[in-house]
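Accompanying notes for the structure given below.
No value in this document is a laboratory result; all are computed from the given coordinates. Since this is a predicted model, take the numbers as computed values, not measurements. Quick reminder, even Gly has a Cβ in these numbers, built from the backbone with ideal geometry, and neighbours come from all protein chains shown.
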Amino acid sequence: MQHGTSPRSPGLWSGYLWSVTIATLILIALDVDVELGCSTLETLPNLFKDLEELVKAAAAVWLLCLFSALIPFIASVKVASRFNIRSGCYYAACGILTGLLLTAIYVAIAQSVEVEQSFLSVGGLFVASALSGAMTYWWRRGRRAGLSQA
């Protein structure tokens, strides 16, 4: 039995969910500066308010990552499957290209006056996030794609 890359392969989609989750965590960790400490009991309600907002934001970012990376993910997995690619370098390149593509889309939608500044500021975040997601997928599934299970 082979590690499949067909759309019906449960490992393919579990690998994708893992990669989206890691990419989301990286994006949030790099973008959000959150202090969760509370020095007195009077500030305790603010702690829970901040946590609630953080969880809501994380869920929204996770869904955004899930759907925005789906087409590049499918394309990269199809190419890897077609040419039997298991190299981490391939998945890293796909992650970097996905991050750049999503940055360009974000900048175009945001219609920022300072496109170059906007591209540089969010580009690093998107590329790091997509790269971490791609390498997570490679680690979970891509490095064994097409190999027989022992």
Original post:
Once the Cβ-Cβ distance between residue 59 and residue 143 is put in as r, and R0 is 35 Å, what FRET efficiency do you end up with, to the nearest 0.05?
Top reply: 0.75
**OP:** Give me 28, 74 ranked fewest to most by other Cβ atoms within 10 Å of their Cβ, as a rough exposure proxy.
**Re:** 74, 28
Subject >> Full-extension gain in nm, residue 83 to residue 67, via 0.36 nm per residue minus C-alpha separation >> reply: 3.2 nm
